[in-house]
Each structure stands twice: as structure tokens, then as C-alpha cells.
Amino acid sequence: MIGAGTLHVVATELAIGNIALAGATIMLRLLLSLREETPSKLAEILDNASLVAAIAGLTAIPLAIFTGVAAAPGDGLDDPLLFNKMILSWIAIGLWGAWLHGRLTMGPKLWQNRSLAWTQGLMGMAACGCVLTIATLGGKFSRGESLMGPLSKPLEYSIAMGTGSAALTLIAAVAALVSVLWMMPKPEKIE
Amino acid sequence: MRISRILLVMVCTLTLLVSPSLAKPGGQGDADRDFSCADSCHVGESGGQSSATIIIELDRTRVFTGQTISISVKVSGMELSKKGLVGVFLMTPVSNGVGKSIEHSGWTVIQDPNGGSNNFVEKPVLSSSQGATFTWIVRAPSETGMVSIDAAIHHGIDPNPDEIAYQATSGQPLSIEIEPMPDDLPRISADWKPVSNRMIGELMTINLETEDAETVEVEWRVGESGSVQSAEVTQAASGTWSFTLPATTDEANLSWRAMMSNPALEETTPWFTLSSIEPGYDIDEVALFMQSLAFGLLVAAMAIALQRRLVSSSKSPELAKLVSTLPELEDSEPTTPAYGGEMS
């Protein structure tokens with residue numbers, strides 16, 4: 001029988017590895033988009049690599065969440081660090097989902113539009129930063145140390161909503177996403 | 001091509017700059033652990049010899065089978081890591097490079113120095129010269145005869161450029177003769193387990209289960225050196241004694257002990273520790289999932305809205321026209337409008 005802790009290690013390594021690769025390739029693609037008028041071969045490779053890595057990482061994040069919850073010691077998520085890991089995990093999923101949505105709907109030529117490239121690049125790096133922060137919180141929880149050093153101190157505290165408030169926020173969030181997807185004009189593939 | 005080469009060199013350089021690290025400055029956590037480099041540390045041949053002085057002491061001179069006693073391990077003179085975390089093993093003497101948990105030789109850990117029931121515990125130590133005392137409350141083996149116990153220390157150093165652990169054993173295992181328990185010796189029941197912590201501000205009523213005890217008195221003190229007070233003890237049932245310990249207003253420890261007697265014999269337990277802790281972090285997991293999901297969807301909605309806004313702006317004919325006229329506006333001379341007039 002394989003323990004949830006072991007599966008969590010596998011899932012997090014898959015997620016972190018892919019997301020780190022995606023973050024690095026997105027950053028480099030953004031830099032190239034600011035330098036190049038027409039995309040070079042390297043730019044195309046970086047774009048494809050970032051897309052594949054982001055899809056793989058996004059697939060692994062839910063696995064990491066569920067195995068992480070199962071592997072949490074004690075009675076469930078009884079630590080603010082775990083609480084914040086959970087919140088950041090879903091924010092990362094949201095950001096990566098939006099990044100993929102943008103990349104898949106607008107195509108690779110979005111990088112040739114400066115404002116879109118900036119948005120897409122910063123969004124990808126923010127999503128990557130979210131996942132790396134989650135990883136450092138894991139280190140803080142299990143080993144008492146974090147790569148963020150004192151910067152991780154605020155994440156030792158959390159603001160938890162009650163069930164009613166959380167349900168209302170969820171309804172508002174669903175409504176916001178549905179409105180954006182259905183009411184705002186759909187982007188077309190940039191040619 | 002040139003850029004790709006520069007990027008390749010940068011990536012290779014960054015990879016080489018990362019040094020491998022095996023250190024565990026946050027400790028390994030309390031656990032039932034055997035003392036061996038394969039299991040409990042990452043010392044190997046590159047490990048360091050600790051300068052610690054380790055002294056093992058018993059709280060009494062004679063030990064009977066099944067008796068509850070305390071074993072103190074005093075450590076001092078060791079190197080300290082930046083966090084000052086020191087781990088101590090209570091174990092059998094090292095044989096073939098391995099010191100097994102004390103429970104392998106028939107002892108039962110009732111309360112370890114951190115309130116658990118492990119043979120390896122870690123505590124921060126402030127001063128190397130003053131050191132620290134790790135006290136275990138254990139139940140003696142049920143078999144008579146000579147047994148040996150040993151202790152080992154495991155810690156880091158500051159600075160620790162080689163990232164190795166330092167360790168040492170006491171060098172002088174303590175030999176204890178386990179004698180047969182006298183008839184009718186008042187004692188704590190073998191099934192009874194102490195409560196090790198409670199919430200700050202909470203009174204704690206403890207039900208102590210004894211055997212062959214006709215009277216029980218309980219003393220308590222704050223920490224290990226506070227003035228000793230007596231607690232009122234009532235007999236809840238035959239062999240069950242109840243007493244209440246006062247609340248504390250901070251994370252202070254109380255320690256208490258029971259003096260049991262019958263007409264023939266008397267017995268005093270070791271000092272048990274009762275810690276006061278802050279209320280735990282309690283959260284409704286359903287609410288947490290909803291909150292997390294809501295934040296994720298909100299962030300996605302905002303990000304997608306931003307993307308679509310930018311796409312529609314870049315495709316807006318009015319905006320495109322405006323942008324195309326900007327250079328002309330900059331270059332052109334100011335002109336008077338054909339039908340210009342003062343605005344009233």
C-alpha cells in the first residue's frame with residue numbers, strides 16, 4: 001500500500017517541475033517578444049515548451065492538492081500554512097487556466113502584440129510564483145524552514161471565511177467567470 | 001542563434017551554482033527512532049563528532065519491575081546550529097553501529113520531554129555551556145535482571161559549510177538492576193496514560209488510576225522550580241483518584257506528582273509535565289474548499305477579462321485610428337478650427 005505522503009511527493013514533483021519549466025520558458029519568451037519583430041525558431045520552441053509544461057503542471061496541481069489533503073498529519077488542515085497552501089493552489093489553478101485559455105484561443109502570435117505579451121507573460125510568471133510559494137510553504141510546514149525566509153511570516157496567518165460567506169463568494173465568483181466567458185467578446189486567433 | 005547560446009551558458013552556470021544540500025536545519029521531528037547513520041542522520045563518514053557531555057540519571061536508586069520512573073539526560077558543551085536545535089536519543093547501548101529505541105529492551109515511554117511518547121526528541125537549546133536536560137518518564141521492563149540504557153545526541157553547528165550532522169553517545173551506558181516488585185507496592189496502573197497538554201486558561205481534572213494505593217496526595221508546581229503546592233484529591237472509585245490542576249494564563253508548564261501509600265509501603269511518582277498550549281487552528285474544510293475555489297475562479301475571471309479587454313482594445317477601429325494619428329498630432333502645427341470659437 002502506497003501512502004498518501006508518497007503520492008503527494010510524486011504529484012508535487014510533477015507539478016513543480018513542469019511549472020518551473022513553464023515559468024522559465026514564459027519569461028524567456030516574453031523577453032524575446034520584446035526584442036524580436038518576427039519570432040525566431042527559439043521563440044517558437046519556448047512557446048511550445050511553455051504550453052506543454054503548463055498543461056502538464058496544471059494537470060498535476062489537483063493531484064498534489066488531493067494527495068496533500070490526504071497526507072496532512074493530524075485532524076485535517078489544522079494549520080494556517082496548509083490553509084494558505086490550499087488557497088494559493090486554487091489561485092494558481094485559476095491563473096494557469098486563464099493563461100492556457102489565452103494562449104489556446106489567441107494562438108502563438110499573441111506574443112507579437114506587446115500589451116498581450118506583457119499580460120500573458122506576467123500572468124504566467126505570477127502563476128509560477130504562486131506554485132513556487134506553495135512549495136516553499138510545504139518546506140516551512142514539514143521542515144520549519146522556507147526559501148522565502150522572513151517573507152514567509154505573513155503566510156503563517158490566514159483569514160478564513162465562514163461557510164456562508166465562502167458560499168456567497170463562490171456564487172459571486174462563478175457568476176463573474178460566467179459573465180466574462182459569455183458576455184465579453186470572444187477573442188479570435190491572432191493572425 | 002547568439003541568444004540561444006547565451007541562454008544555454010546562463011542555464012548551465014546557474015545549475016553549477018546550486019550546491020547539493022543534505023542538511024536538515026529544521027530537525028527531523030520527534031519519533032521512535034533507532035540511532036544509526038542509515039536511519040537517523042545523514043552523517044556517514046563525513047559526519048562530525050559532537051563535543052557534548054552526556055550524563056544519564058535516574059530519579060531513584062532502586063528500580064522494580066513495571067515501576068514508573070524518570071530518566072534524565074543532561075547534555076552540555078555541544079556545538080549548536082543557528083536554530084540551536086538538539087536531538088537526543090534514549091536507547092539501548094550501541095551494538096554494531098546501531099542503538100535501538102529503549103522500548104526494544106522492554107521499557108515503555110510514558111511521557112517524553114515534549115509530552116509525546118517517543119525515544120527521540122528535539123528541543124531548542126539556548127546555551128551550549130548551560131546545556132539542557134531531557135527527561136523521560138518510563139515504565140520499567142516486566143523482567144528482572146540487569147539492563148543498560150544509553151543516550152546519544154544529534155545536532156548541527158554554526159556555521160556548517162559541509163552541512164554535516166554532529167553526534168555522540170554518552171560513552172558510559174547506565175546499568176540498572178531491575179528488581180522484582182515488592183508485594184503491595186502502591187503504583188500507577190499499567191494502562192493509565194498521562195495527559196500532556198491542555199488549552200491556556202483551562203482547568204485540568206486528572207483521573208489517576210492506581211493499584212494497591214489506599215491514600216494519594218498530589219503536589220504540583222509551575223515549571224520545574226516553582227514552589228510546590230498541594231492539590232485536593234478525591235477518590236472517584238476504587239483505585240481511581242481525581243484532582244484538578246489550576247489554569248495558566250500563558251504557555252507555562254505545570255508539573256505534578258502523586259505520593260501513594262498503603263499501611264506497608266509508600267511510592268512517589270516522577271514529576272509529570274502538563275503543558276498549556278494555545279487553542280488549535282480549527283477550520284471547516286468545506287468552507288475552506290469553497291473559499292479556495294472561489295478565489296481561483298475570481299482570479300481566472302479577472303485574468304480572462306483583462307485578456308479580452310486588451311484584445312478588443314487592440315482590434316477597436318476607433319483606437320487603431322487614434323493610434324495611427326498620434327505621430328501626425330505630434331508633428332503637425334497647431335491649427336485653428338474652421339468653426340472654432342470660444343466656449344461659453
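The values are calculated or read from the model by the stated rules, or taken from the named source; none is laboratory data. Owing to the predicted nature of the structure, the values given are computational and were not obtained by experimental measurement. Methodologically, a virtual Cβ is constructed for each residue, glycine included, from the backbone with ideal geometry; neighbour enumeration extends over all protein chains shown.
Mind listing just one residue for me: the one in segment A:134-155 that is part of a loop (DSSP other than H, G, I, E, B) and not small (G, A, S) and, of those, farthest from A:A20 (Cα to Cα)?
Per the criteria, the residue is A:E145.
Please give the strands (runs of 3 or more DSSP E) falling wholly within segment B:241-297 in which 2 or more residues are among the acidic types (D, E) and touching a Pro at 6+ places or on another chain (Cβ under 8 Å).
B:266-268
Okay, residues lined up against (1) of a type in the set (A, V, I, L, M, F, W, C); (2) touching a residue at least 12 places away in the same chain (Cβ under 8 Å):
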position	(1), (2)
B:T244	no, yes
B:A247	yes, yes
B:W256	yes, yes
B:M260	yes, yes
B:E267	no, yes
B:T273	no, yes
B:S276	no, yes
B:D282	no, no
B:E285	no, no
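Residues that are more than 10 Å from chain B (Cβ to nearest Cβ), at positive phi and touching a residue at least 12 places away in the same chain (Cβ under 8 Å): does segment A:102-112 have at least one?
There is at least one residue in segment A:102-112 that is more than 10 Å from chain B (Cβ to nearest Cβ), at positive phi and touching a residue at least 12 places away in the same chain (Cβ under 8 Å).
Residues in segment A:9-21: is at least one within 18 Å of the chain's Cα centre (by Cα), farther than 30 Å from B:I283 by Cα, within 13 Å of chain B (Cβ to nearest Cβ) and not in a loop (DSSP other than H, G, I, E, B)?
yes
Enumerate the pairs (first residue in segment B:207-225 and assigned to a loop (DSSP other than H, G, I, E, B); second residue anywhere and charged (D, E, K, R)) with beta-carbon separation below 6 Å, excluding pairs fewer than 6 apart on the same chain, so at least 6 apart or on different chains.
B:D212/B:D184
What tally of residues in segment B:246-277 results from selecting those that are surrounded by 15 or more Cβ atoms within 10 Å (Cβ to Cβ), modelled with pLDDT of 90 or more and more than 29 Å from B:T61 (Cα to Cα)?
Looking only at that region, the number is 0.
Take A:S158 and tell me if it is more than 7 Å from every other protein chain (Cβ to nearest Cβ) and part of a helix (DSSP H, G or I).
no
Taking the condition of being in contact with a Pro (Cβ under 9 Å, 6 or more places away or on another chain) and under 16 Å from B:S170 (Cβ atoms), how many residues in segment B:80-104 meet it?
Going through segment B:80-104 one residue at a time, the tally reaches 6.
Yes or no: A:I190 of a type in the set (V, I, T), assigned to a loop (DSSP other than H, G, I, E, B) and farther than 22 Å from A:V69 by Cβ?
Criteria met by A:I190.
Quick one: would you say A:S179 is surrounded by fewer than 21 Cβ atoms within 10 Å (Cβ to Cβ), facing chain B (nearest Cβ under 10 Å), without any contact (Cβ under 8 Å) to a residue 40 or more places away in the chain and not in a loop (DSSP other than H, G, I, E, B)?
Answer is yes for this residue.
If you scan segment B:245-304, which residues turn out to be within 25 Å of the chain's Cα centre (by Cα), within 14 Å of another protein chain (Cβ to nearest Cβ) and of a type in the set (G, A, S)?
Passing the criteria: only B:G280.
Any idea which of A:T38, A:T105 is out of contact with any Leu (no Cβ under 8 Å at 6 or more places or on another chain), modelled with pLDDT of 90 or more and either part of a helix (DSSP H, G or I) or not basic (K, R) (or both)?
A:T105
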